[in-house]
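Undergrad: Okay, here's the structure, questions in a sec.
Every number in this text was worked out from the coordinates using simple rules, so none of it is lab data. What you see is a predicted model; the values in this text were computed from it and never measured. FYI the Cβ positions are ideal-geometry reconstructions off the backbone, even for glycines, and counts take in every protein chain you see.
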Amino acid sequence: MTFKKLALMSAAVMMMTGVAHAVDQDVEVDAEFRQALSLTLNNDIDFTPGATYIEYTTGSIDAADFITLGTNDTVAYVDDAFSGPTTGQAGDVSINGATGADVNISCTTGATISDGTNTLSVDQMQVSMNTGDAFGAADYTCAGLGTTPHSYTLTGTDNILMGGRIVGNSGTITDSVYSTTNASGVAATVRVVYQ
């Protein structure tokens, strides 16, 4: 068989089998982005900012004695065992996130302040959004992290203000600085998540 015949036969076979027809389909790619939430601590909770003290009467602290701090920085003394400044400093935490997004805010119900040896309970933690309120009138009473959260729509300038109540007879009080940063202290926590 000659080369010429072989070439003609190969061409005929190719013509019979045909050329495959290619088809294309574009597949689009989408990705939706949203700014990650972050929190910035502006102020810790402080019942006695500056060089101020809460005075106590030894032997007269009972179950009716409390010291409250509203989210509006107002300190009040319930019953008669304590006296001192009437202006404190509410906790202040900025929320950084996507404006217009809905978030859930929750917080621990309390904290523990300590002088390194003795502890006192802080309970009835409360939060207000952007504008402070008197103790008991806040937007939300903390019920635990992730529990019955407070819903809020981010505006772009959002601050969580936080207050609470020192339980006067929850431990031994001495002339000392009580703080969550001392040994045996437990800080309050606030949590924010997108809905």
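Undergrad: Give me the one-decimal Kirkwood hydrodynamic radius in Å for segment 120-195, with the sum taken over alpha-carbon pairs.
TA: Kirkwood radius, segment 120-195: 14.3 Å.
Undergrad: While we're looking at this one, here's another question. Counting other C-beta atoms within 10 Å, and keeping those with at most 12, which DSSP coil GluC sites (Glu not before Pro) do you find in segment 23-68?
TA: Numbers: sites: Glu28, Glu32, Glu55; in loops: Glu28, Glu32.
When the GluC sites (Glu not before Pro) of segment 23-68 are filtered for loop state and at most 12 Cβ neighbours within 10 Å, Glu28, Glu32 remain.
Undergrad: If packing is taken as the average count of other Cβ atoms within 10 Å, what order do 187-195, 96-104, 114-122 fall into, highest mean first?
TA: 114-122, 187-195, 96-104
Undergrad: Take each of the peptides 72-81, 40-49, average the number of other beta-carbon atoms within 10 Å over its residues, and list them starting from the highest.
TA: In descending order of packing, they fall as 72-81, 40-49.
Undergrad: What percent do you get for the relative contact order of the chain when only Cα pairs under 8 Å and 6+ apart count?
TA: Normalised by residue count, the contact order of the chain is 25 percent.
Undergrad: Within the set of other residues whose C-beta is less than 13 Å from the C-beta of Gln89, count the net charge using Lys and Arg as +1 and Asp and Glu as -1.
TA: Surrounding charge for Gln89 is -4.
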